[in-house]
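The values are calculated or read from the model by the stated rules, or taken from the named source; none is laboratory data. This is a predicted model, so every value here is computed, not measured. Every residue, glycine as well, gets a Cβ built from its backbone with ideal geometry; the counts of neighbours run over all protein chains shown.
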Amino acid sequence: MLAALLTLAVAGPILTVTPRDDLDAALRELRGKPNARLRFGTGDYRLSAPLRFGREHAGLTIEASPGARPRLIGGIAVRGWRVEDGLWVADVPKAAAPEGARLLVVNGKTRPRSRWPVQGELLHESVFDVPWMSTTGGGWQRKPTDDELTSMVFRPGDLGDWVDPASAEITVYHMWDESCVGVKAIDNEQRRVTFATPTGHPPGAFGVRKYVVWNTLKGIVRPGQWAYDGRVGRVWYRPMPGERPGRTVALLGTLNTLIRVEGTPGLTLRGLTLEVTNVALKAGGFGAGDYDGAILATDAPDLRLDGVTVRDTAGTGIKAWNCARVHVRGCTVEDTGAGGIRAEGEGAVVEDCTLRRVGLQYPSAIGVWVGRAGSRIRHNWIEDTSYSAVNAGGEGTAVEFNEISKAMRVLHDGAGIYAGFSKRLVLRGNLVRDIVDTGGYGASAYYLDEQAEDSLVEGNVSQGIVRPAQNHMARRNVLRNNLFMAPAEMRLDFARCEEYTVIDNVFVAPKGLTFRAPASGWAHFADNAMSVGTAGARRVVLEQYNETTTESVAETDGNRFGSLTVRVRGRLYEVVDAEGKPIRVWDLRTVGPRGSS
């Protein structure tokens, strides 16, 4: 029975619910009532199914009551722990997670799944040496066979009877993404594992041969690790120091989505907290983009999310697909297995948001992702992402005044801010710092990739990054008035690029500066200041991806060399010459979220 308070207001009816109320009944009550409000009081709302909003809920606002702190939770409590061989063991209903469980939250913290090996990765012996022709070129020169996508040859002794096909999962790493798949069978004589579901790329593609095994008892080595056996509905857990069974709150993710919006115009979500989700077992594709969100919206124009918090998800935090003018403001997304915020729709805006620890389970995950015309990503703080912090596409999209750190923690060929298949993009006033290049195709601060054209990269700072600007198969773009600082050497690539303008930038690289570009890559290179130590600056001429000739960069067209120092005071960057005379200032004190004002 719905024990809720229904009041009338000038703007529309207001329905207030508590954790004891029937939420489905509340949604039925508000059908067809324009400008209605559904308010949640303080408490934990344990959902057994997603809250669904359709066209009949047009204009509805779902929000926290004034001063309230409601939490919507998509998992079940794990109780009745017993100790077996040093591990905690508990039984849960098998029907709660019929497709397996991939998230355990203990005392408010996401716990890592069991992993083998404990550190690093295993190496397999599968080979796929077919050339990748670029996305524009159609992908693989030869389409992979079903067998190449569903099997892998492992090294002697690496896999054995400890891998239970009914519960074990394997992540096969590629270059810019990965595939997490189930195990169908293991043939130890042939040293071949057959996958239950296909990988996105064949094992061995791009010359990458790394993989990891999840969800086995052998992999529970460190405190906090866990595994789940769906056949019997059982959780194993190695406790953290000081944890006690009777005082431990453990939640197992069971729902992939907590709020589902389908075709609802003008819906608003405000002030809610969503926690604990599950995710399907499948390859997530580029950017882990195929995984559902705790909030999942499709074809919902003018969707607005304001001050929403999403944390501890096995999949994506917020995912809005084909939602024109979606507006995500002042939201927090943290500790996600897959992506942070994906806002796909013309005129999308993501602003003043905070994202932390994105891609804990699926490292191709992206922090903030937009891909339609006229979108805006501005004044966000994004820290600790396994792949690119921002992915921007479309025509006329702007990425401005964001602070990004510690992106590209796992995978390659991405950036703090990555853009491709876009026109007239603007990257302005951003601060990207502390990205470590882990090899492969590299990691950079700002990356204009395939078909990025007529775009502007202006007034940005790259701090502590070897590759501040990566460019590939892009044309007529401008790099202007940026400050690029590297700890030692620096490299900028323009492979298969045309007609770039590189003007009025400052490059500080004490161990030397290298530009790699085709002969037609630069239309204009002028008025740049370079502090490069005794190593100097050089230009390497490329034909396709092959280096041909090398020449020194000369002091022509206003380009100049000198000893420069960058004084950093918070987000204020002042460049001075050898005599301490100020040369240039980048004032980025307004980057990041602007607060509630």
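Any residue that is under 34 Å from the mean Cα position of the chain (by Cα), assigned by TED's automatic domain parsing to the domain that holds residue 453 and under 20 Å from residue 495 (Cα atoms) - is there at least one of those in region 547-556? So far as region 547-556 goes, yes, one or more of its residues are under 34 Å from the mean Cα position of the chain (by Cα), assigned by TED's automatic domain parsing to the domain that holds residue 453 and under 20 Å from residue 495 (Cα atoms). Looking only at region 429-446, filter to residues that are of a type in the set (A, V, I, L, M) and in a strand (DSSP E or B); which one of those is surrounded by the most Cβ atoms within 10 Å (Cβ to Cβ)? Per the criteria, the residue is 445. In this structure, does residue 187 turn out to be buried (at least 17 other Cβ atoms within 10 Å of the Cβ) and either outside the structural domain of residue 235 (by TED's automatic domain parsing) or touching a residue at least 24 places away in the same chain (Cβ under 8 Å) (or both)? For residue 187, the condition - buried (at least 17 other Cβ atoms within 10 Å of the Cβ) and either outside the structural domain of residue 235 (by TED's automatic domain parsing) or touching a residue at least 24 places away in the same chain (Cβ under 8 Å) (or both) - is not met.
A quick yes/no check of all residues on (1) in a strand (DSSP E or B); (2) more than 20 Å from the chain's Cα centre (by Cα); (3) surrounded by fewer than 16 Cβ atoms within 10 Å (Cβ to Cβ); (4) touching a residue at least 60 places away in the same chain (Cβ under 8 Å):
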| site | (1), (2), (3), (4) |
| --- | --- |
| 239 | no, yes, no, yes |
| 242 | no, yes, yes, no |
| 264 | no, yes, no, yes |
| 269 | yes, yes, no, yes |
| 279 | no, no, no, yes |
| 290 | no, no, no, no |
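So that you can scan it fast, the table gives a plain yes or no per residue for (1) among the β-branched types (Val, Ile, Thr); (2) closer than 23 Å to residue 578 by Cα:
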| residue | (1), (2) |
| --- | --- |
| 514 | yes, yes |
| 522 | no, no |
| 529 | no, yes |
| 534 | yes, yes |
| 539 | no, no |
| 546 | no, no |
| 560 | no, yes |
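With respect to the conditions (1) within 28 Å of residue 101 (Cα to Cα); (2) touching an Asp or Glu at 6+ places or on another chain (Cβ under 7 Å), residue 177 falls short on a single one, namely (2). Which one of 464, 414 is small (Gly, Ala, Ser), modelled with pLDDT of 95 or more and either surrounded by fewer than 18 Cβ atoms within 10 Å (Cβ to Cβ) or in contact with a helix residue (DSSP H, G or I) (Cβ under 7 Å, 6 or more places away or on another chain) (or both)? Of 464, 414, the one residue that is small (Gly, Ala, Ser), modelled with pLDDT of 95 or more and either surrounded by fewer than 18 Cβ atoms within 10 Å (Cβ to Cβ) or in contact with a helix residue (DSSP H, G or I) (Cβ under 7 Å, 6 or more places away or on another chain) (or both) is 464. Please tell me if residue 536 is under 21 Å from residue 476 (Cβ atoms), surrounded by 12 or more Cβ atoms within 10 Å (Cβ to Cβ), small (Gly, Ala, Ser) and touching a strand residue (DSSP E or B) at 6+ places or on another chain (Cβ under 7 Å). Answer is no for this residue. Exactly one residue out of 554, 509, 526, 517 is loosely packed, with under 13 Cβ neighbours inside 10 Å and either free of Cβ contacts under 8 Å to residues at least 60 places away in the same chain or closer than 17 Å to residue 463 by Cβ (or both), and it is 554.
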